[in-house]
Amino acid sequence: MVITGIWYALGLSVVGAGVGYAAKNWWLGAPFFVLAVFCLWFFRDPEREIATGPVAVSPADGKVVSITKDRDGRTRLGIFLNVFDVHVNRSPIAGRIERRTYRPGKFLVASKDEAGRENEQNTFVVAGEGTTIEFSQIAGLIARRIIWYKDQGDTVARGERVGLIQFGSRVDVLLNEDWKLEVSLGQRVSGGSSVIARRVN
């Protein structure tokens, strides 16, 4: 993640230097250097103290923008990431990735519920610790590139990095009835360290 930011920053810096040199006015390249600094900051990947116990942790930094029930009685939790949030995504539980599915789609504003149904997304199903959790990386209006580091068959630890969504985006989590929700609408959560649900069975 940090390496990605460095490449973006390096490219913008080279463009800025080239623009300034060609125009013989270095200040014309300043916006590119500002964007380079933003990219380095955006792609930051801080270490987190991962929550322990029979819990599911947040797969992303952001704000809880929706809590609904699907047709199977599962709780769907929607977390919206703005451009100022850390965009690294993590596994809510430890286990094995039973399925990973990419689905092309629209690029609606990620804070809207319909984005979870219609936008481009990458979905993981992780089974472990006697339960299963499904969560999706969802592209937004600006974020049009979803990156994943883990795939079907891989084993992940709770809070382990599994991917990244570039710029504003959304992550939805589907929780079965064996989970009790521990967050509320409007609450801010941190990937890996915030507990979003606790096992009840």
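The values are calculated or read from the model by the stated rules, or taken from the named source; none is laboratory data. All figures in this text were calculated on a predicted structure; none of them were measured in a lab. As a convention, Cβ positions derive from the backbone with ideal geometry for all residues, glycine included, and neighbour counts pool all protein chains shown.
Among strands (runs of 3 or more DSSP E) entirely within the stretch 112-194, having at least 3 residues that are of a type in the set (S, T, N, Q), surrounded by fewer than 15 Cβ atoms within 10 Å (Cβ to Cβ) and touching a strand residue (DSSP E or B) at 6+ places or on another chain (Cβ under 7 Å) singles out no element at all.
A single entry from Arg71, Arg99, Arg76 fulfils the requirement of being assigned to a loop (DSSP other than H, G, I, E, B), surrounded by fewer than 23 Cβ atoms within 10 Å (Cβ to Cβ) and of a type in the set (Lys, Arg): Arg71.
Of everything in the stretch 135-183 that is among the acidic types (Asp, Glu) and free of Cβ contacts under 8 Å to residues at least 60 places away in the same chain, the residue that is nearest to Ala60 (Cα to Cα) is Asp151.
Residue-wise test of (1) closer than 18 Å to Gly53 by Cα; (2) at pLDDT 95 or above.
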residue	(1), (2)
Val109	no, no
Gly116	no, no
Asn119	no, no
Glu134	no, yes
Gly153	no, yes
Gln166	no, no
Gln187	no, yes
Ala197	yes, yes
Val200	yes, no
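When the residues of the stretch 43-58 are filtered to those that are surrounded by 12 or more Cβ atoms within 10 Å (Cβ to Cβ) and touching a Ser or Thr at 6+ places or on another chain (Cβ under 7 Å), the one that is farthest from Ile196 (Cα to Cα) is Phe43. Note on the stretch 65-100: residues that are more than 21 Å from Val55 (Cα to Cα) and polar (S, T, N, Q) total 1.
Restricting attention to the stretch 79-87, does a residue exist that is part of a strand (DSSP E or B), under 30 Å from Lys180 (Cβ atoms) and modelled with pLDDT of 95 or more? So far as the stretch 79-87 goes, yes, one or more of its residues are part of a strand (DSSP E or B), under 30 Å from Lys180 (Cβ atoms) and modelled with pLDDT of 95 or more.
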